[in-house]
Amino acid sequence: MRYSLGELAERTGTRVHGDPACVIEGVGTLHGAGPGQITFLANPRYKRQLGETRAAAVILGEQEADACPCNALVSRNPHLTYAHVAALFAREIAMAPGVHPTAVVDPTCRVHPAASIGAHAVLGANVVVEAGAVIGPCCVVLDGSHIGEDSRLVANVTVYADTVIGRRALIHAGTVIGGDGFGFANDAGVWIKVAQLGRVRIGDDVEIGACTTVDRGAIDDTVIEDGVKLDNQIQVAHNVHIGKHTIIAGCTGIAGSAHIGSRCAIGGGVGVTGHIEITDGVTVTGTSFVSQSIKTPGVYSSGVPLEPTEHWHKNFVRMKQLDEMARRLKSLEKELQELKQKG
Amino acid sequence: MRYSLGELAERTGTRVHGDPACVIEGVGTLHGAGPGQITFLANPRYKRQLGETRAAAVILGEQEADACPCNALVSRNPHLTYAHVAALFAREIAMAPGVHPTAVVDPTCRVHPAASIGAHAVLGANVVVEAGAVIGPCCVVLDGSHIGEDSRLVANVTVYADTVIGRRALIHAGTVIGGDGFGFANDAGVWIKVAQLGRVRIGDDVEIGACTTVDRGAIDDTVIEDGVKLDNQIQVAHNVHIGKHTIIAGCTGIAGSAHIGSRCAIGGGVGVTGHIEITDGVTVTGTSFVSQSIKTPGVYSSGVPLEPTEHWHKNFVRMKQLDEMARRLKSLEKELQELKQKG
Amino acid sequence: MRYSLGELAERTGTRVHGDPACVIEGVGTLHGAGPGQITFLANPRYKRQLGETRAAAVILGEQEADACPCNALVSRNPHLTYAHVAALFAREIAMAPGVHPTAVVDPTCRVHPAASIGAHAVLGANVVVEAGAVIGPCCVVLDGSHIGEDSRLVANVTVYADTVIGRRALIHAGTVIGGDGFGFANDAGVWIKVAQLGRVRIGDDVEIGACTTVDRGAIDDTVIEDGVKLDNQIQVAHNVHIGKHTIIAGCTGIAGSAHIGSRCAIGGGVGVTGHIEITDGVTVTGTSFVSQSIKTPGVYSSGVPLEPTEHWHKNFVRMKQLDEMARRLKSLEKELQELKQKG
């Protein structure tokens, strides 16, 4: 894969600064890129590395162009332009259309001839796989599920019955979609299963990381709207609703019936309580605990600072005394006021 | 699937309020149910929705019956009655008894003729699968494990050697039972593996969610007693013991040799330190950190509030000063007391 | 498996205290071991159990030897000696060399005749599997990956394309190595995938637990050095670097481009922010949040204490007032000082 810089500019709608004939054969980091490689500068934090780069070309913003010691692609959104360029250098693992002879496909399935069903994949009754979709090796898709056009389950993915996955989804390995929600009724101390009768419905252009779990709804469906991106090791409980173009980082857990708005950004390791609502456009920083609804867009955090363990022990103990300390502070203020008035 | 309300009352031991001939064809939420659907009211929080429901019937308590605008099933435990009704409407995915031709079953295995071994499942030497048990597609059960009557491994589940699973277990996809506990001895800075020689023993009526991991014991066994319910993405380390009818929500991690009592309820995202004991009947709320044994039943919490990030930064810094603040507060109190006595 | 105590001493380089002819047939805990079993005493906390043990022999330190009521193996590192002994009693599940007839191996692969490819395993194009390596049942190894000598993928493991795994690795079930890092560029509110062009490189003697995920790099590689031990349910994001002989407990999440030094010990449920550096020899206790680089070796903690929920509520509210409390405290100190000077 080789492109001239001019060709890249044309494909990405950007402007060449320097030599359009310069040949690009791959990508690199600002620090590590060498001859033949293109890199990008999106975060101003790395601007001082620009002068030292040995890259053949840098994707950058208008204001950085003059400081660039080499060729450049000038872009209004250098990170986006980098995404477009990187896609050109990505090695696609071709999956030949058709059903691998070791796959087990129920005769009631409807698999498009331009779909690919991998080795040892298993499809239950009435599964539908649309054109261009790829069901990777050792994936299991249970009865009645629908995999939309150009969607891909990479490997060892499990999709439970009646799940609906839209177009161009990318579901990474080990992930489980549509498992039973965690619902039990208590019968004198013994937990009795509540059948989970809803489904999971996933929109278009959704990416879900590895070993993530999305549970089916109890009665209504669990819903993941268009353009949502979920990282690895995320738990999405039953009847959660995630709005369009929201992005959630790894290890986050979202409890049942939580409703997360559109264009939110939820950091890694966050816990979201059940039955609450997060409005559109909210950012929650990593490892925060969202215990109540968030009604105003903005950036939210919780979490406590890391300290050498010996210091931490001392402050840890005081946290249990906080309310008492606050009361003592108030009482001191009152006493001091009285003393002053007396004096 | 269609039942008259009278038939549902009979099957669930409840009383009809209204028309027993009313036909029920499915379930819905209090808010969303329409004609032909039954719903339930268990949480008083939703009582005000009762007046507006368009459901054909509502499962509710005696005290709500008169306020119900439609037919009702009157129950002492509406959530439990709903569980019984929902089970009637659950679509069972039939697994035909017998061994799928693509399954790989070691000739030393003992598989009951009324068990079902799915496509591409793999059973090691001397595995026993009892009557009614279902080993789903792409599950791997290693040597010497025992799967009890009517237990089901859904798909892509891995069970390591010598694991014992009781009757009526439901193990969801992607879950791993019996992996090595995390045990290493330090040899001058290099970690040397400590062979994990214990097993995992799981009682009857246990449900384990998707992508959950339960490690085998180091010497003795890891034990999960009857009726325990574990959600998705939970980590149960070696030699943990979980008592009967305890329920644990998603993303919780339980460190080695922790002993959790019976009928506990542990919220999601909780961390439990190793080698501690939680007595029977303890509730721990979500995202708490259990750093010490809990000896008295009750409800326990930890965790810090979410705030707009700019406020949080200010309070975050103060947490490191808590002990110092407490000392200054005490010294102020002393000084003020002296001042008062002088005055 | 039976060994005389003298034989065990010879194999482990330790000294017999008592009868070298004593026959050992298995291991047990200090509390639970009976006749024919050997146990160990490494943690002084359990010293008082020594007098009551019914074990045939105990592995212990020089200073405990005289207090031992039975035979002993005297060792400078009893836990390490136990590791050596336990390895002798571990049941190895033999995997016959060769390719199982149900495995799907691309003709371009290079599989050493002394490697074992399990039932229903799938190997993509140009995969290399070295001598003694075991690819367990239902594992998927995608194009161009390299599995080193004597490494083992247990079952249902997924290895993405171009991953490099060194020698003697042990990768537990359900784990995913080399999935795409979580990288997206924002195009007017819509997230556009950034192709993840780096790889995962794993050194020698690495163990990775079950359902753990290690993402491939965005441009450069994600690197796990020799001797690293990762527990279950860990998330390692793109371009993370983990130094030699570092050990990380379950449920920990490490964000992108974090650099963790050598011989660190990271507890369970820890969150590590992206783009930070943890120097060599750092210990972080369980459930801590590492929000900044750690430049000095030592032990670090964060996290808040567990309390009965009613008390916790009161302190929880005060955490939002901490900065205000600190200001009021300072102002009180000033006023009191003025009052004293006046008086």
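Where residues in the stretch C:197-221 are touching a His at 6+ places or on another chain (Cβ under 6 Å) and not hydrophobic (A, V, I, L, M, F, W, C), which of them is nearest to C:Tyr160 (Cα to Cα)?
Step by step, filter the stretch C:197-221, then rank; the result is C:Asp215.
B:Val58 passes all but one of (1) more than 23 Å from A:Asn186 (Cα to Cα); (2) buried (at least 22 other Cβ atoms within 10 Å of the Cβ); (3) within 31 Å of the chain's Cα centre (by Cα); which number fails?
The single condition B:Val58 does not satisfy is (1).
Filter the stretch B:280-327 down to residues that are within 7 Å of chain C (Cβ to nearest Cβ), of a type in the set (D, E, K, R) and touching an Asp or Glu at 6+ places or on another chain (Cβ under 7 Å), then give me how many there are.
Number satisfying all stated conditions: 2.
Regarding the stretch C:227-241, can at least one residue be identified that is more than 15 Å from A:Cys251 (Cβ to Cβ) and touching a Leu at 6+ places or on another chain (Cβ under 9 Å)?
No, because not a single residue in the stretch C:227-241 is more than 15 Å from A:Cys251 (Cβ to Cβ) and touching a Leu at 6+ places or on another chain (Cβ under 9 Å).
Could you run through the stretch B:106-122 and say how many residues are over 18 Å from A:Val104 (Cα atoms) and within 14 Å of another protein chain (Cβ to nearest Cβ)?
The qualifying residues number 4.
Given the conditions (1) under 26 Å from A:Phe182 (Cα atoms); (2) surrounded by fewer than 24 Cβ atoms within 10 Å (Cβ to Cβ), and given that B:Gly198 satisfies all but one, which numbered condition is not satisfied?
Going through (1) under 26 Å from A:Phe182 (Cα atoms); (2) surrounded by fewer than 24 Cβ atoms within 10 Å (Cβ to Cβ) one by one, B:Gly198 breaks only (1).
Among the listed residues A:Gly144, A:Gly136, A:Gly118, which satisfies the condition of being over 22 Å from C:Gly179 (Cβ atoms), among the small types (Gly, Ala, Ser) and buried (at least 19 other Cβ atoms within 10 Å of the Cβ)?
Selected residue: A:Gly144, the only one of A:Gly144, A:Gly136, A:Gly118 that is over 22 Å from C:Gly179 (Cβ atoms), among the small types (Gly, Ala, Ser) and buried (at least 19 other Cβ atoms within 10 Å of the Cβ).
How about the stretch C:213-256: which of its residues are within 10 Å of chain A (Cβ to nearest Cβ), more than 27 Å from B:Val194 (Cβ to Cβ) and either assigned to a loop (DSSP other than H, G, I, E, B) or of a type in the set (Phe, Trp, Tyr) (or both)?
If the condition is that a residue be within 10 Å of chain A (Cβ to nearest Cβ), more than 27 Å from B:Val194 (Cβ to Cβ) and either assigned to a loop (DSSP other than H, G, I, E, B) or of a type in the set (Phe, Trp, Tyr) (or both), then C:Gly217, C:Ala218, C:Ile219, C:Asp220, C:Ala237, C:Asn239, C:Ala255, C:Gly256 are the ones that fit.
Would you mind listing the strands (runs of 3 or more DSSP E) fully within the stretch B:16-82 where at least 3 residues are among the hydrophobic types (A, V, I, L, M, F, W, C) and modelled with pLDDT of 95 or more? Steps first, answer last, please.
Numbers: elements: B:37-40, B:57-60, B:71-74.
By residue number, B:57-60, B:71-74.
So which residues in the stretch C:267-289 are surrounded by fewer than 23 Cβ atoms within 10 Å (Cβ to Cβ), assigned to a loop (DSSP other than H, G, I, E, B) and not polar (S, T, N, Q)?
Within the stretch C:267-289, C:Gly274, C:His275, C:Ile276, C:Asp280, C:Gly281 qualify.
Across the stretch B:139-177, which residue is farthest from the other protein chains (Cβ to nearest Cβ) among those that are in contact with a Lys or Arg (Cβ under 6 Å, 6 or more places away or on another chain) and more than 22 Å from B:Ala125 (Cβ to Cβ)?
Only one residue tops the list, namely B:Asp150.
Restricting to the stretch B:123-133, and then to whatever is crowded, with 23+ Cβ neighbours inside 10 Å and part of a loop (DSSP other than H, G, I, E, B), can you tell me which residue is nearest to the other protein chains (Cβ to nearest Cβ)?
So, considering only residues that are crowded, with 23+ Cβ neighbours inside 10 Å and part of a loop (DSSP other than H, G, I, E, B), the one nearest to the other protein chains (Cβ to nearest Cβ) is B:Gly124.
For the stretch A:195-212, enumerate the residues that are in a loop (DSSP other than H, G, I, E, B) and within 14 Å of the chain's Cα centre (by Cα).
Step one: list which residues in the stretch A:195-212 are in a loop (DSSP other than H, G, I, E, B), which gives A:195-199, A:203-206, A:209-212.
A:Asp205, A:Val206, A:Gly209, A:Ala210, A:Cys211, A:Thr212, listed by residue number.
So is C:Ser262 out of contact with any strand residue (DSSP E or B) (no Cβ under 6 Å at 6 or more places or on another chain) and modelled with pLDDT of 95 or more or not?
Criteria met by C:Ser262.
What number of residues within the stretch C:241-292 are within 17 Å of the chain's Cα centre (by Cα) and among the acidic types (Asp, Glu)?
Counting residues in the stretch C:241-292 that are within 17 Å of the chain's Cα centre (by Cα) and among the acidic types (Asp, Glu) gives 1.
In the list A:Val194, A:Val200, A:Val214, A:Val236, which residue meets the criterion of being touching a residue at least 40 places away in the same chain (Cβ under 8 Å), assigned by TED's automatic domain parsing to the domain that holds A:His146 and among the hydrophobic types (A, V, I, L, M, F, W, C)?
A:Val200
Mind telling me which of the residues A:Thr273, A:Thr246 ends up being of a type in the set (Ser, Thr, Tyr) and out of contact with any Asp or Glu (no Cβ under 9 Å at 6 or more places or on another chain)?
Exactly one of A:Thr273, A:Thr246 is of a type in the set (Ser, Thr, Tyr) and out of contact with any Asp or Glu (no Cβ under 9 Å at 6 or more places or on another chain), namely A:Thr273.
If we scan the stretch C:248-255, do we find a residue that is more than 24 Å from C:Asn156 (Cβ to Cβ) and either touching a residue at least 60 places away in the same chain (Cβ under 8 Å) or surrounded by fewer than 20 Cβ atoms within 10 Å (Cβ to Cβ) (or both)?
No, because not a single residue in the stretch C:248-255 is more than 24 Å from C:Asn156 (Cβ to Cβ) and either touching a residue at least 60 places away in the same chain (Cβ under 8 Å) or surrounded by fewer than 20 Cβ atoms within 10 Å (Cβ to Cβ) (or both).
The values are calculated or read from the model by the stated rules, or taken from the named source; none is laboratory data. Keep in mind it's a predicted model, so treat the numbers as computed, not measured. As a convention, Cβ positions derive from the backbone with ideal geometry for all residues, glycine included, and neighbour counts pool all protein chains shown.
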